[in-house]
Protein chains: 2
Amino acid sequence: MITIAVDAVGGDHYPQNPVAGAIQAVQENPDITILLIGPEQVCREELSKQGYTGDRVQVFNAPDIITMDDAPAQAVKNKPQASIPVGLTLHARKQCDAFVSAGNTGALLAASAFILGRLQGVLRPTISTVYPTTKGFRLMVDVGANLEVKPEFLVQFAKMGEVYAREVMGVEEPRIGLLNVGEEEEKGTEIIRKAHELLKNHPRFVGNIEGRDILFGKADVYVCDGFTGNMLLKFGESIPAALQLLIQQAAQSSSLSADSIKPALGVLKQALAPFDYQAVGGVPFLGVNGVSLVGHGGSTPLAIKNMIFNAVKMVEHQVNDKIVSYLN
Amino acid sequence: MITIAVDAVGGDHYPQNPVAGAIQAVQENPDITILLIGPEQVCREELSKQGYTGDRVQVFNAPDIITMDDAPAQAVKNKPQASIPVGLTLHARKQCDAFVSAGNTGALLAASAFILGRLQGVLRPTISTVYPTTKGFRLMVDVGANLEVKPEFLVQFAKMGEVYAREVMGVEEPRIGLLNVGEEEEKGTEIIRKAHELLKNHPRFVGNIEGRDILFGKADVYVCDGFTGNMLLKFGESIPAALQLLIQQAAQSSSLSADSIKPALGVLKQALAPFDYQAVGGVPFLGVNGVSLVGHGGSTPLAIKNMIFNAVKMVEHQVNDKIVSYLN
């Protein structure tokens, strides 16, 4: 039996969505137990509201709440009784196998690194994201944990991302690409050129990936510093809303009625579904000594459930053991 | 009379498009003369093919051709008789007021900096781009000339961009935004935090701009290092083709016929028209001691004409004088 701790008060729609996702998860997978972490009363009321009467979703009291606006470092220090530090501490003590949350990403990152510590041989824990492309999701790493990097960090991001892509995303032979301003190996900053050199002999390194290639899935793992990754992640998130606006404006300027563009918006919505991060099942902090995943603040119950299942996969596939033996 | 030198053999469609754009420009604006720079025979044949018989498009012989694939630094050194070094040298000698080209950007940047030199007080010449947003075009600077920056460079990019946005793009009071991973001033790398501090008292500094805000036009001048800008520029260029593919895939997976999605693709194409860089009228190298603009390799005749007109505006509005007095 695998036990996943779920932050009951993380994200924009708590406790409803985390609780709903947890219930769906235990109903679909008979081999897991959920530990809901949050104010006990809040959790119990929501469980009963949602009509859950089983014993595979349990509650662990964490009276404080870290909000989306709390400054990460202070939040964890000032609210030791909040769901994030409480859940991660339980995990560090092996009382559960993973912790997942749709809460404050910065606080989660800080707390994961601090409470779980680093895996052996890991220079810097990192945060990745799944990135939508015309060929399906790809993994981008780092997307904000390490704004500045050394070549060796990038190499480790590549390798940790490779293990995650293979074990959790099911990519058999993940191709690794280095985000850069040109395809030629002499392009880029000194740090990137050095990283290119270090990655060159990797059997599945496909070289530099330019901005124009990202959306076409030219690699399975896109490696970059956290500044670049964060800009691209948030830019990608904004595409659906921006396009909708552009289409409405185009329709107006050509005097098309709102009705007449509805089919176009429908097809577009479907085409852009992968860009809907609220439906994405969370992404892991890689390199920490534990399994800690974070979901979008707007995570739907489905997203929470999928995040739980991704955590289960990380546990079952022993992702961290594989990372350690790969890096050392 | 303003004289603009035009690279007749730059871009993917030479000599047709540069020559066609030049002819259109003199026909629309009676106050300019064009100097076509390229192999004389090639230029004269194209002019006659396009039926131009006037004397306001003249030819200046430059027998060599720098291709899009030539390595920038070597190209200029090894082909001193190519249109780019010849045109820029004419400009440096004041035999024309500006040089525009849809050719090899790297070669143009290197040659512009080397042949024209820097404007007084400029730390680093920079290359900008116009970026499509839901509120129209914005200026992004730098997009590849300076992959690594110092805080002071970013401040100068902001100021040079501001002058260009006001004088050429017609934005009365350009708002300046600093691309960053968060809105709070303490976010980002040390270099960006320092730049934020230096820009803080600028009356039209609107603070940090996150990736998700770029497409919504939250500032008029987006300031960033050349690595970030280059990734975003090329990523933006790829959006229309990626979307078209995503829409086709969505249509297929829901068994919609090619015919039934045509209207959707039509509306989308119109909405994405601003992302068509082939129609954008070039962008300037800012900070060089001259007026040098570069256009997309795929520049249409319209794009070439608009690039010529942008150069004319830079000359008429004395953009460089204004930059010098602003920076010093």
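The values are calculated or read from the model by the stated rules, or taken from the named source; none is laboratory data. For clarity, every value in this text was computed on a predicted model and none was experimentally measured. Please note: Cβ atoms are built from the backbone with ideal geometry, for glycine as well, and neighbour counts cover all protein chains shown.
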- request: Report yes if some residue within the range B:224-244 is in a loop (DSSP other than H, G, I, E, B) and not hydroxyl-bearing (Ser, Thr, Tyr); otherwise report no.
  value: yes
task: Check the range B:246-256 and report whether any residue there is in contact with a Pro (Cβ under 7 Å, 6 or more places away or on another chain) and at positive phi.
output: no
Which listed residue is closer than 22 Å to residue B:290 by Cβ, touching a Pro at 6+ places or on another chain (Cβ under 7 Å) and assigned by TED's automatic domain parsing to the domain that holds residue B:16, from B:92, B:107: B:107
query: Is it the case that the range B:191-205 has a residue that's surrounded by fewer than 21 Cβ atoms within 10 Å (Cβ to Cβ) and within 10 Å of chain A (Cβ to nearest Cβ)?
result: yes
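Quick grid of which residues meet (1) modelled with pLDDT of 85 or more; (2) over 19 Å from the mean Cα position of the chain (by Cα):
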{"site": "B:240", "(1), (2)": "yes, yes"}
{"site": "B:244", "(1), (2)": "yes, yes"}
{"site": "B:279", "(1), (2)": "no, no"}
{"site": "B:283", "(1), (2)": "yes, no"}
{"site": "B:287", "(1), (2)": "yes, no"}
{"site": "B:292", "(1), (2)": "yes, no"}
{"site": "B:297", "(1), (2)": "yes, no"}
{"site": "B:300", "(1), (2)": "yes, no"}
{"site": "B:318", "(1), (2)": "yes, no"}
message: Name the residue that is surrounded by the most Cβ atoms within 10 Å (Cβ to Cβ), counting only residues in the range B:17-33 that are among the small types (Gly, Ala, Ser) and under 19 Å from the mean Cα position of the chain (by Cα).
response: B:22
- request: Output yes when any residue across the range B:296-311 is buried (at least 24 other Cβ atoms within 10 Å of the Cβ), touching a residue at least 40 places away in the same chain (Cβ under 8 Å) and either not in a helix (DSSP H, G or I) or not assigned by TED's automatic domain parsing to the domain that holds residue B:20 (or both), and no when none is.
  value: yes
task: Residues being more than 17 Å from residue A:103 (Cβ to Cβ) and β-branched (Val, Ile, Thr): count how many of those fall in the range A:294-323.
output: 4
message: Quick check on the range B:2-14. Is at least one of its residues surrounded by 23 or more Cβ atoms within 10 Å (Cβ to Cβ), without any contact (Cβ under 8 Å) to a residue 60 or more places away in the chain and touching a strand residue (DSSP E or B) at 6+ places or on another chain (Cβ under 9 Å)?
response: no
message: Can you go through A:193, A:166, A:175 and tell me which one is under 22 Å from residue A:274 (Cβ atoms) and without any contact (Cβ under 8 Å) to a residue 24 or more places away in the chain?
response: A:166
message: For the range B:272-283, which positions are in contact (Cβ under 8 Å) with a residue 60 or more places away in the chain and assigned to a helix (DSSP H, G or I)?
response: B:274, B:275
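Of the residues B:283, B:288, only one is more than 8 Å from chain A (Cβ to nearest Cβ), out of contact with any helix residue (DSSP H, G or I) (no Cβ under 7 Å at 6 or more places or on another chain) and among the hydrophobic types (A, V, I, L, M, F, W, C); which?
B:283
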task: May I ask you to say which residue of A:119, A:147 is surrounded by fewer than 23 Cβ atoms within 10 Å (Cβ to Cβ) and farther than 16 Å from residue A:231 by Cα?
output: A:119
message: Against the condition of a type in the set (Ser, Thr, Tyr), more than 27 Å from residue A:209 (Cβ to Cβ) and not assigned by TED's automatic domain parsing to the domain that holds residue B:169, how does residue B:292 come out, does it pass?
response: yes
- prompt: If you take the residues in the range B:15-40 that are touching a residue at least 40 places away in the same chain (Cβ under 8 Å), in contact with a Ser or Thr (Cβ under 9 Å, 6 or more places away or on another chain) and of a type in the set (A, V, I, L, M, F, W, C), which one is nearest to residue B:303 (Cα to Cα)?
  reply: B:20
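Scanning the range A:215-271 for residues that are touching a residue at least 60 places away in the same chain (Cβ under 8 Å) and surrounded by fewer than 22 Cβ atoms within 10 Å (Cβ to Cβ), which turns out nearest to the other protein chains (Cβ to nearest Cβ)?
Narrowing the range A:215-271 to residues touching a residue at least 60 places away in the same chain (Cβ under 8 Å): A:215-217, A:219-227, A:229-230, A:232-233, A:236.
Filter again for surrounded by fewer than 22 Cβ atoms within 10 Å (Cβ to Cβ), leaving A:216-217.
Values: A:216: 6, A:217: 10 Å.
Only one residue tops the list, namely A:216.
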statement: Being surrounded by fewer than 18 Cβ atoms within 10 Å (Cβ to Cβ) and modelled with pLDDT of 95 or more narrows B:185, B:162, B:173 down to just B:173
